[in-house]
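Below is one structure, written out as structure tokens; the observations come after it.
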Amino acid sequence: MSELPEDLPRAHHDMGGVSKFMCEAVDTSRHALNDFDRTVDALRGLLGAKSVMSVDELRRGIEAIPEAEYHRLSYYQRWIRSIADNLLARGVLSEAELRAALEDV
Amino acid sequence: MFPSGQRVRVKFDWPETRGACHIRTPHYLRGREGVVERHLGRFANPEDLAFARPAAQRDLYHVRFEPPAVWTEETPGDVIVVELFEHWLEEVA
Amino acid sequence: MNILQTDSQKLLDGVLALLSHKGIVTPDEITARIASTDAASPAQGARMVARAWLDPEFRALMLRDGTQAAEDSGIPMRGLPPLGVLENTETVHHLVVCTLCSCYPRAVLGYPPFWFKSAAYRARAVRDPRGLIGEWGTVLPAGVHLRVVDSTADYRWMVLPRRPAGTEGWTADQLAALVREGDMIGVTIPTIP
């Protein structure tokens with residue numbers, strides 16, 4: 001096997017050993033979470049605790065974000081997108097009522 | 001159930017190419033041989049949990065691998081240890 | 001436009017308003033959840049490490065059953081993923097990564113740090129781990145083997161680092177103050193300042 005593992009049809013979130021990141025420095029500085037981050041994190045925790053949505057469903061929804069957007073969105077921006085995706089898929093929210101709610105906020 | 005020390009091979013399978021899926025077996029291990037370090041317990045299959053489907057309990061193992069030979073950055077003797085579910089592993093004689 | 005491409009803050013506000021209206025998640029619950037999540041910090045893991053350095057029985061428990069050791073340290077683990085503890089020795093050093101997402105021992109260390117979630121960390125940890133920890137200035141002594149633990153499934157992993165030389169006679173509080181977040185993931189090694 002002379003080809004690199006990444007030459008096989010991996011998904012974009014599956015990043016172990018991928019060459020394009022090998023020369024990328026790691027930002028080791030501390031980044032404080034903002035209110036948006038904390039709120040999304042808390043929402044996910046509550047939806048899990050209430051068995052509305054599992055962490056596995058969160059991950060599936062994150063992995064479903066197209067690659068370019070996945071890299072452009074922040075960590076918790078991916079989360080809220082996946083949460084909304086899952087709540088719609090499960091019928092907890094309908095798209096019509098979410099659209100209406102987005103008009104109001 | 002695999003005993004500690006059992007040589008196993010990770011299935012060379014690419015569900016990613018067959019439609020929507022959620023898998024916890026990293027691409028860089030597909031088709032590679034490793035050694036079972038220990039059984040970690042039984043857990044609901046995440047491949048079903050991710051779609052809110054009924055999920056069977058599956059054996060989970062800690063499996064040790066040498067880094068892929070095509071990666072040249074490693075130091076000899078360094079290893080990678082990964083949690084893998086039974087249905088991704090095949091016994092190597 | 002795909003509704004999911006709505007501005008993230010707006011999407012959050014809309015989802016929260018609807019969930020509150022439906023009685024699924026209330027604003028008070030969000031506030032309480034943030035407070036309890038904020039309370040988890042690397043200081044908790046550091047206390048476990050210091051106790052393991054001082055108490056061989058607790059050390060044995062921690063390595064055998066990290067979840068129980070955390071419970072015994074006053075950290076509620078019910079309903080959370082099991083905690084596995086990786087012991088660094090004279091000849092073995094551990095480094096934890098999650099190449100698929102960002103699995104992190106949040107119960108004992110709090111929110112995962114920014115770097116742990118980054119593409120560079122996730123990609124490099126399994127392929128160039130020594131170069132990676134070099135970004136923290138960490139160099140492993142000759143003869144130390146590195147075990148990279150890719151946290152792919154149901155466990156959450158923390159590293160039990162080695163107690164630094166020169167800390168003989170120190171109290172648990174003094175020892176815990178030495179232990180940093182990165183020491184318990186394996187990117188750094190505890191040292192006396």
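Tabulated data for the structure shown
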| quantity | calculated |
| --- | --- |
| Close pairs from the range B:41-58: first facing chain A (nearest Cβ under 8 Å), partner in a loop (DSSP other than H, G, I, E, B) and of a type outside the set (A, V, I, L, M, F, W, C), Cβ under 7 Å, at least 6 apart | B:Pro46/B:His22; B:Pro46/B:Arg24; B:Leu49/A:Ser54; B:Ala50/B:His22; B:Ala52/A:Arg90 |
| Odd one out for A:Val52, checked against (1) closer than 19 Å to A:Leu73 by Cβ; (2) touching a residue at least 24 places away in the same chain (Cβ under 8 Å); (3) not aromatic (Phe, Trp, Tyr) | (1) |
| Test: residue in the range B:73-90 that is assigned to a strand (DSSP E or B), more than 14 Å from chain A (Cβ to nearest Cβ) and hydroxyl-bearing (Ser, Thr, Tyr) | no |
| Any hit, the range A:73-86, residues being surrounded by 14 or more Cβ atoms within 10 Å (Cβ to Cβ), hydrophobic (A, V, I, L, M, F, W, C), more than 7 Å from chain C (Cβ to nearest Cβ) and under 30 Å from C:Gly186 (Cα atoms) | yes |
| Residue in the range A:47-66 that is farther than 29 Å from C:Thr37 by Cα and either surrounded by fewer than 16 Cβ atoms within 10 Å (Cβ to Cβ) or more than 9 Å from chain C (Cβ to nearest Cβ) (or both) present | yes |
| Qualifying positions in the range B:53-72 - outside any strand (DSSP E or B) and within 15 Å of B:His27 (Cβ to Cβ) | B:Pro67, B:Pro68, B:Val70, B:Trp71 |
| Residue within the range A:1-18 that is β-branched (Val, Ile, Thr) and at pLDDT 95 or above present | no |
| Any hit, the range B:16-24, residues being crowded, with 19+ Cβ neighbours inside 10 Å, more than 20 Å from C:Val149 (Cα to Cα) and over 12 Å from the mean Cα position of the chain (by Cα) | yes |
| Which listed residue, of A:Ala25, A:Ala11, A:Ala32, is out of contact with any helix residue (DSSP H, G or I) (no Cβ under 7 Å at 6 or more places or on another chain), assigned to a loop (DSSP other than H, G, I, E, B) and either at negative phi or facing chain C (nearest Cβ under 9 Å) (or both) | A:Ala32 |
| Residues satisfying the stated conditions in the range C:105-152, i.e. more than 10 Å from every other protein chain (Cβ to nearest Cβ), surrounded by 22 or more Cβ atoms within 10 Å (Cβ to Cβ) and part of a loop (DSSP other than H, G, I, E, B) | C:Pro105 |
| Every residue from the range C:153-166 that is in a loop (DSSP other than H, G, I, E, B) and farther than 13 Å from C:Thr188 by Cβ | C:Ala153, C:Asp154, C:Tyr155, C:Arg163, C:Ala165, C:Gly166 |
| Qualifying residue in the range C:87-103 (condition: small (Gly, Ala, Ser) and touching a Lys or Arg at 6+ places or on another chain (Cβ under 6 Å)) | yes |
| Failed item, numbered, when C:Gly14 is tested on (1) of a type in the set (Gly, Ala, Ser); (2) farther than 21 Å from A:Glu103 by Cβ; (3) modelled with pLDDT of 95 or more | (2) |
| Residues of the range C:154-180 satisfying the condition of being free of Cβ contacts under 8 Å to residues at least 12 places away in the same chain and surrounded by 17 or more Cβ atoms within 10 Å (Cβ to Cβ) | C:Trp170 |
| Every residue from the range B:32-60 that is out of contact with any helix residue (DSSP H, G or I) (no Cβ under 9 Å at 6 or more places or on another chain), surrounded by 17 or more Cβ atoms within 10 Å (Cβ to Cβ) and of a type in the set (Gly, Ala, Ser) | B:Gly34 |
| Test: residue in the range C:79-95 that is of a type in the set (D, E, K, R), touching a residue at least 24 places away in the same chain (Cβ under 8 Å) and assigned to a loop (DSSP other than H, G, I, E, B) | yes |
| Residue satisfying all of: in the range C:23-51; charged (D, E, K, R) and at the interface with another protein chain (Cβ under 8 Å from one of its Cβ atoms); nearest to C:Leu109 (Cα to Cα) among these | C:Asp38 |
| Test: residue in the range B:29-48 that is over 13 Å from the mean Cα position of the chain (by Cα) and assigned to a loop (DSSP other than H, G, I, E, B) | no |
| From the options C:Asp38, C:Asp65, residue that is within 30 Å of C:Leu140 (Cβ to Cβ), surrounded by fewer than 18 Cβ atoms within 10 Å (Cβ to Cβ), within 17 Å of the chain's Cα centre (by Cα) and among the charged types (D, E, K, R) | C:Asp65 |
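The values are calculated or read from the model by the stated rules, or taken from the named source; none is laboratory data. The structure displayed is predicted, hence computed values, not measured ones. So basically every Cβ, Gly included, is an ideal-geometry build from the backbone, and we count neighbours across all protein chains shown.
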